[in-house]
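Have a look at the structure below, then the notes.
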Amino acid sequence: MTTPFLAFTRDVAPSMADCELTHLDRDPIDVATARIQHAGYERLLGVLGCEVRRVAAAPALPDAVFIEDTAVVVDEIAVITRPGAASRRGETGGVEAALAGLRPLARIVEPGTLDGGDVLVVGRRVFVGRTARTNDAGIAQLQALLAPHGYGVVAVDVTGCLHLKSAVTALDDATVLVNPAWVDAALFAPLAAVDVHPEEPMAANVLRVGDQLLYAEAYPRTRSLLEDRGYRLHLVDASELAKAEGAVTCCSVILRRSDGPVR
Ligand code: CIR
């Protein structure tokens with residue numbers, strides 16, 4: 001049976017302990033456990049309607065598992081990023097090869113930097129975090145690439161966390177889940193905002209797969225706020241990946257299958 005979505009993932013690198021860290025202290029990472037959790041995440045993506053395709057492994061690139069940062073894909077185009085951390089720039093080649101043929105490709109180029117974790121697409125609105133990883137040149141380039149396809153790009157200031165999607169993600173086309181300490185929820189109006197539980201600052205990252213939601217099991221208080229509002233969450237244990245400052249959106253690039261040739 002053909003699945004509605006393709007999900008690209010990438011192996012947990014044996015070098016993952018050398019990952020970039022910005023807001024977290026280095027806590028020993030058990031690569032074997034991270035691999036088990038990652039496999040559970042991939043299985044759940046399959047259950048939610050994705051054909052999971054693993055991009056060729058990159059053992060020497062510690063952050064390669066966080067594939068989201070390397071590409072922004074919408075129905076019309078795939079934009080290969082230029083990650084803000086120099087240590088991560090080698091990740092894009094393998095992802096570009098994997099996406100070729102599925103979408104027309106474009107690239108963020110110097111002096112632009114852009115991490116996919118800073119890009120939140122809700123309908124035709126594309127919110128882009130201005131962060132240590134994503135600069136104004138990167139945002140301007142993304143805007144120029146997406147505007148011809150009818151997307152409006154909105155730059156958003158983010159403080160206190162790594163990426164925009166550490167601070168806010170979408171629960172559906174009308175609602176965001178937000179940590180108001182890190183981003184101004186009013187910027188997303190007319191979308192409604194649900195705040196994370198104050199004791200769970202990292203809880204704003206939820207992965208949408210169509211109309212289903214994949215969420216880390218580490219945030220029970222926020223989960224119950226969401227369940228009280230009628231959201232049903234599919235849970236994964238991503239605790240070992242979180243030690244590398246990664247969350248559930250980071251570990252995949254999901255695209256809707258499209259029929260027909262690309263140019
Ligand atoms: C990094 O700092 O680049 C990685 N250790 C974590 C990246 C997480 N990616 C994401 O939130 N999209």
Legend entry - Label-to-label distance, nm, for residues given as GLU76 and ASP173 (7 Å Cα→Cβ offset): 1.6 nm
Inset, instruction - For the chain, list log₁₀ I(q)/I(0) at each q in 0.11, 0.17 Å⁻¹, using the Debye formula over Cα point scatterers of equal strength and ignoring solvent, two decimals each. - result: -0.54, -1.49
Legend entry - For the range 35-113: span of alpha carbons on each principal axis (Å, largest first): 39, 30, 16
Legend entry - Cα-based Rg and Dmax for the range 1-85, where Dmax is the largest Cα-Cα distance (Å): 14.3, 44
Legend entry - Calculated FRET efficiency for the pair ARG89/VAL31, C-beta based, R₀ 22 Å, to 0.05: 0.45
Legend entry - Top positive-direction residue, dipole computed over the range 1-137 with Cβ charges, set VAL31, ALA57, VAL128: VAL128
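Report the semi-axes of the equivalent ellipsoid for the range 123-163 in whole Å, largest first, where each axis is √(5λ) for an eigenvalue λ of the Cα gyration tensor.
Working: eigenvalues 79, 24, 7 Å².
With the √(5λ) rule applied to the range 123-163, the semi-axes are 20, 11, 6 Å.
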Inset, instruction - List THR33, THR169, THR222 from most exposed to least, where exposure is judged by having the fewest other Cβ atoms within 10 Å. - result: THR33, THR169, THR222
Legend entry - Mean-position separation - Cα centroids, the range 5-58 and the range 87-134, in angstrom: 18 Å
Inset, instruction - Could you give log10 I(q)/I(0) at q = 0.16 Å⁻¹ for the range 84-166, computed by the Debye formula over C-alpha point scatterers of equal weight, without solvent? - result: -0.63
Inset, instruction - For the range 1-154, restrict the atom set to alpha-carbon positions and state the Rg and Dmax in Å. - result: 15.7, 45
Legend entry - Spin-label proximity, ALA132 to the range 236-259 - amide N less than 18 Å from point 7 Å beyond Cα toward beta carbon: 242-247
Legend entry - Percent of C-alpha pairs per 10 Å bin, the range 136-258, short to long: 12, 42, 35, 10, 0
Inset, instruction - Using label points projected 7 Å from each Cα along Cα→Cβ, tell me how many nm separate SER15 and ASP237, to one decimal. - result: 2.9 nm
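Explain nothing, just the number: dipole magnitude of the chain about its Cα centre with +1 on each Lys and Arg Cβ and -1 on each Asp and Glu Cβ, in debye rounded to the nearest 20.
Values: 25 positive and 34 negative charges, 148 e Å.
Roughly 700 debye, rounded to the nearest 20.
Take the chain, mark every one of the GluC sites (Glu not before Pro) that falls in a DSSP loop and has at most 16 other Cβ within 10 Å, then report the longest stretch left between them, sites excluded.
On the way: sites that count: GLU76, GLU199, GLU217.
No qualifying site falls inside 77-198, the longest such stretch.
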Inset, instruction - Can you tell me the FRET efficiency between ALA39 and HIS149 if r is taken as the Cβ-Cβ distance and R0 is 30 Å, rounded to the nearest 0.05? - result: 0.30
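Quick one: putting +1 on the C-beta of Lys and Arg, -1 on the C-beta of Asp and Glu, what dipole do you get for the range 121-263 around its Cα centre, in Debye to the nearest 20? Show your work: numbers first, answer last.
On the way: 14 positive and 16 negative charges, 109 e Å.
Approximately 520 debye in magnitude.
Any read-out appearing in this document is the output of simple, stated calculations on the displayed coordinates, not a laboratory observation. Note that the structure is a prediction, hence the values are computed from the model and not measured. Cβ sites come from the backbone with ideal geometry, for glycine too, and all protein chains shown count toward neighbours.
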